[in-house]
Amino acid sequence: MKVLFCLLTSFFSIHAFAQENKLELIKSRVANENDFVYSNTINEIIEGEKWGFHSGKIGIPYASSSLANQGSNNYTINNIFDLDLRTAWIEGDSNDGIGHFISFEFDFSEKYNGFGKPYNFYGIIEVFNGYCKSEKHWKENSRVKQLQVSLNEKPICLIELEDTWQYQRVDIRKFFKDNYYFPDAPYVISHGDVIAFRIMEIYEGDKYKDTAISEFVYDSPPN
């Protein structure tokens with residue numbers, strides 16, 4: 001009886017801890033027909049100039065793995081901020097990449113002087129989910145469904161992306177202190193901090209297990 005009591009106590013303690021520490025789920029917003037960035041086909045957005053005007057690299061990039069080069073094609077982390085949907089970061093796991101992550105180290109050694117300055121992250125992320133080189137590539141490869149966001153290895157929230165090649169945005173500003181918009185936010189980003197995005201769930205591809213992200217950049221704040 002004593003053992004059973006201890007087991008039950010332990011179970012409910014763990015359950016309560018999990019409930020108290022349950023991460024908030026933030027869902028992306030996908031472009032709709034009324035948005036300038038909305039496109040009817042992948043080719044339309046690849047060949048057009050509908051986005052990327054105020055986009056930039058979040059920080060010094062790192063990926064826990066990357067798929068090996070195939071001929072002239074590479075799948076490194078650098079592809080997610082090149083503003084080219086025909087390239088992508090693809091994780092290098094033999095399975096679906098769950099547990100693998102991308103991260104960015106913040107570098108504030110340069111002052112911000114306008115749109116496009118490196119590492120000017122303020123909580124808005126622009127995403128093209130999957131391998132957007134073509135609709136065929138997008139369907140064949142897996143896409144990200146859910147990411148866990150952490151700052152210096154401390155979990156902050158979960159992000160859920162839509163299963164689409166359309167432009168989508170994620171707003172996690174409320175977690176990061178900003179004297180004007182979010183003065184009471186719980187986290188402060190400092191020089192040298194690392195923000196990471198870990199794959200938790202995926203949308204399966206029709207042909208390959210490889211999970212891809214074509215673009216993952218910040219949207220610069222207004223002047």
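Residues of segment 19-65 that are out of contact with any helix residue (DSSP H, G or I) (no Cβ under 9 Å at 6 or more places or on another chain), closer than 21 Å to D219 by Cβ, polar (S, T, N, Q) and surrounded by 14 or more Cβ atoms within 10 Å (Cβ to Cβ): S28 alone. Take the residues in segment 158-196 that are outside any strand (DSSP E or B) and aromatic (F, W, Y); name whichever of them is nearest to E140 (Cα to Cα). That would be W165.
Selection of segment 68-81 for residues being more than 10 Å from A212 (Cα to Cα) and in contact (Cβ under 8 Å) with a residue 40 or more places away in the chain yields N79, F81.
Per-residue answers, yes or no, for (1) surrounded by 18 or more Cβ atoms within 10 Å (Cβ to Cβ); (2) not aromatic (F, W, Y):
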{"residue": "P155", "(1), (2)": "no, yes"}
{"residue": "E160", "(1), (2)": "no, yes"}
{"residue": "R169", "(1), (2)": "no, yes"}
{"residue": "D210", "(1), (2)": "yes, yes"}
{"residue": "Y218", "(1), (2)": "yes, no"}
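If only residues of segment 71-86 that are polar (S, T, N, Q) and surrounded by fewer than 20 Cβ atoms within 10 Å (Cβ to Cβ) are counted, the one that is farthest from E49 (Cα to Cα) is S72.
A68 meets the conditions (1) surrounded by 14 or more Cβ atoms within 10 Å (Cβ to Cβ); (2) modelled with pLDDT of 95 or more in every case but one. The failed one is (1). Just to be sure before I move on: is G97 touching a Leu at 6+ places or on another chain (Cβ under 7 Å) and touching a residue at least 24 places away in the same chain (Cβ under 8 Å) in the structure I sent? No, not satisfied.
Results for (1) more than 23 Å from F108 (Cβ to Cβ); (2) at pLDDT 95 or above; (3) more than 11 Å from the chain's Cα centre (by Cα), shown as yes or no for each residue.
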position: C132; (1), (2), (3): yes, yes, yes
position: W138; (1), (2), (3): yes, yes, yes
position: L158; (1), (2), (3): yes, yes, no
position: S190; (1), (2), (3): no, no, yes
position: G205; (1), (2), (3): yes, yes, yes
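For (1) more than 16 Å from the chain's Cα centre (by Cα); (2) part of a loop (DSSP other than H, G, I, E, B), each residue gets a yes or a no:
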position	(1), (2)
W51	yes, yes
I58	no, yes
Y62	no, no
L67	yes, yes
N78	no, no
D93	yes, yes
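For first residues located in segment 122-138 and among the small types (G, A, S), partners that are buried (at least 24 other Cβ atoms within 10 Å of the Cβ) and in a helix (DSSP H, G or I) and lie 6+ apart or on another chain with Cβ distances below 7 Å form the pairs G130/W138.
Screening F182 with (1) at pLDDT 95 or above; (2) surrounded by 16 or more Cβ atoms within 10 Å (Cβ to Cβ) gives one miss only, at (1).
The values are calculated or read from the model by the stated rules, or taken from the named source; none is laboratory data. Keep in mind that this is a model prediction, so the values were computed, not measured. Every residue, glycine as well, gets a Cβ built from its backbone with ideal geometry; the counts of neighbours run over all protein chains shown.
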